[in-house]
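Let me begin by presenting the structure, written as structure tokens, before commenting on it.
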Amino acid sequence: MIDEYLDRNSPTTQQFHELLQPYKTEFGAILLRDYHELLKKYEIAEMLSEDFKICTSYLLHYAWEKLHTGHWKNVHICWRVLYASIKLLTVLYSLRKSINEDEGECNSYNYCHIQYTQLICELDYSLIMGYSIFDSFASKLASELHKCIKLTSEESVCSEDITFQLDNDNFEMEMLNQTMINMNKLARVSCPSLEMFKKLMKLGRPFIITNAINFWPAYHQHNWTLKYWKDNFGHRLVPVEIGSKYTEENWGQKLMTINDFINNYFFTSNNEKQTNLMKGYLAQYEIFSQIPELESDIHIPDYCTLTGDAFDEDTNTANTNVDDIHIDTNIWFGPKVE
């Protein structure tokens with residue numbers, strides 16, 4: 001299965017050669033020479049996977065140092081491209097060798113679970129720290145490997161089917177008990193038109209939009225439950241924020257798989273909750289660019305395409321090109337705060 005996918009979709013050695021050409025000035029002759037030598041070893045494929053990985057270590061560590069020099073936003077994109085390409089080369093080499101040498105074993109559950117989960121993490125590192133190269137091939141390959149694990153799994157990886165639902169009644173009561181102040185109930189508007197939305201925004205009063213996302217696949221066809229996330233994306237690596245507030249001294253971030261995130265922060269006993277008060281959240285991270293399948297489960301509301309000019313009566317927005325508007329899309333995903 002995976003070998004057929006690689007035959008159809010893997011980037012060629014020539015494409016890896018061409019990938020770095022726009023950055024010849026930044027890399028210099030020596031680094032490009034070493035990269036091309038690495039590609040020769042990749043093409044010949046005579047050495048063991050571990051030996052090839054050792055050969056990539058110099059370039060990988062060099063790129064890693066560049067990624068951690070100065071502020072992240074000021075790092076030249078060439079170092080992210082280099083890092084991503086080396087990670088992808090390592091994964092592809094490992095897959096090629098395993099398919100050629102262990103054809104029978106590579107279809108077994110143990111092989112898929114151990115080998116493929118490691119390779120998925122490598123691909124996710126290339127996306128998180130590197131760059132999405134070759135039309136997001138690393139993301140697509142990680143999804144294919146995850147499917148292979150799921151197909152060979154003898155039982156579901158998660159026995160509980162917990163949906164993402166907010167206990168509104170209890171939540172409101174807790175808030176009222178904690179804060180006894182005069183509050184005005186917010187108006188609720190059912191899926192307003194864009195014109196109505198603009199009128200409401202001009203009033204300058206907060207309101208709640210209802211029935212605007214009920215049609216999302218995340219609610220129906222794919223039904224976003226913890227089980228769905230674990231079954232389909234459980235081995236994907238994501239950055240998790242640890243701590244309740246950014247201002248806390250012990251606040252930080254940690255890379256972990258979605259499986260570990262759910263197991264550690266959702267499926268914990270009462271005793272564990274009492275002794276471990278730290279909260280873990282997946283927040284303010286563009287996970288949709290890393291896992292496009294999740295993005296297909298939602299639809300960006302049309303309200304998000306309205307710019308500030310849309311609420312100015314003196315501005316003509318008829319010629320506004322929606323395709324030119326960049327919309328940041330993130331997920332806030334974590335357990336209920338006790």
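The values are calculated or read from the model by the stated rules, or taken from the named source; none is laboratory data. Just so you know, these numbers come straight off a predicted model, no measurement behind them. Ideal geometry is used to build each Cβ from the backbone, glycine not excepted, and the neighbour counts take in all protein chains shown.
Here are a few things to note about the model shown:
- Filter result for the condition that a residue is modelled with pLDDT of 80 or more and within 22 Å of the chain's Cα centre (by Cα), over Lys97, Lys66, Lys73: Lys73
- Residue match in region 247-256 (condition: within 23 Å of Lys336 (Cα to Cα), touching a helix residue (DSSP H, G or I) at 6+ places or on another chain (Cβ under 8 Å), assigned by TED's automatic domain parsing to the domain that holds Ala283 and part of a strand (DSSP E or B)): yes
- Inter-residue pairs, beta-carbon under 9 Å, first exposed (fewer than 13 other Cβ atoms within 10 Å of the Cβ) and in region 208-219, second part of a loop (DSSP other than H, G, I, E, B), 6+ apart: Ile208/Leu186; Thr210/Cys191; Asn211/Cys191; Asn214/Cys191; Asn214/His220; Phe215/His299
- Enumeration of residues in region 257-268 that are crowded, with 19+ Cβ neighbours inside 10 Å, in a helix (DSSP H, G or I) and in contact with a strand residue (DSSP E or B) (Cβ under 9 Å, 6 or more places away or on another chain): Ile258, Phe261, Tyr265
- Within region 225-246, tally of residues that are in contact (Cβ under 8 Å) with a residue 40 or more places away in the chain and either part of a loop (DSSP other than H, G, I, E, B) or among the hydroxyl-bearing types (Ser, Thr, Tyr) (or both): 5
- Residue in region 273-296 that is at pLDDT 90 or above, surrounded by fewer than 17 Cβ atoms within 10 Å (Cβ to Cβ), under 30 Å from Lys199 (Cα atoms) and not hydroxyl-bearing (Ser, Thr, Tyr) present: yes
- Listed by first and then second residue, the pairs with beta-carbon distance under 9 Å, at least 6 apart or on different chains, first residue in region 274-285 and assigned by TED's automatic domain parsing to the domain that holds Gly252 and farther than 11 Å from Phe261 by Cα, second in a loop (DSSP other than H, G, I, E, B) and modelled with pLDDT under 80, are Asn276/Thr268; Leu277/Ser244; Leu277/Glu338; Met278/Ser244; Met278/Asn250.
- Selection count, region 153-200, where residues are under 31 Å from the mean Cα position of the chain (by Cα), modelled with pLDDT under 90 and not in a loop (DSSP other than H, G, I, E, B): 3
- In region 47-62, the residues that are farther than 25 Å from Glu26 by Cβ and not assigned by TED's automatic domain parsing to the domain that holds Ala29 never reach a residue that is surrounded by 13 or more Cβ atoms within 10 Å (Cβ to Cβ) and modelled with pLDDT of 95 or more with C-beta atoms less than 6 angstrom apart, at least six apart or across chains.
- Filter pass, Leu203 being farther than 23 Å from Asp124 by Cα, at pLDDT 55 or above, exposed (fewer than 11 other Cβ atoms within 10 Å of the Cβ) and of a type in the set (A, V, I, L, M, F, W, C): yes
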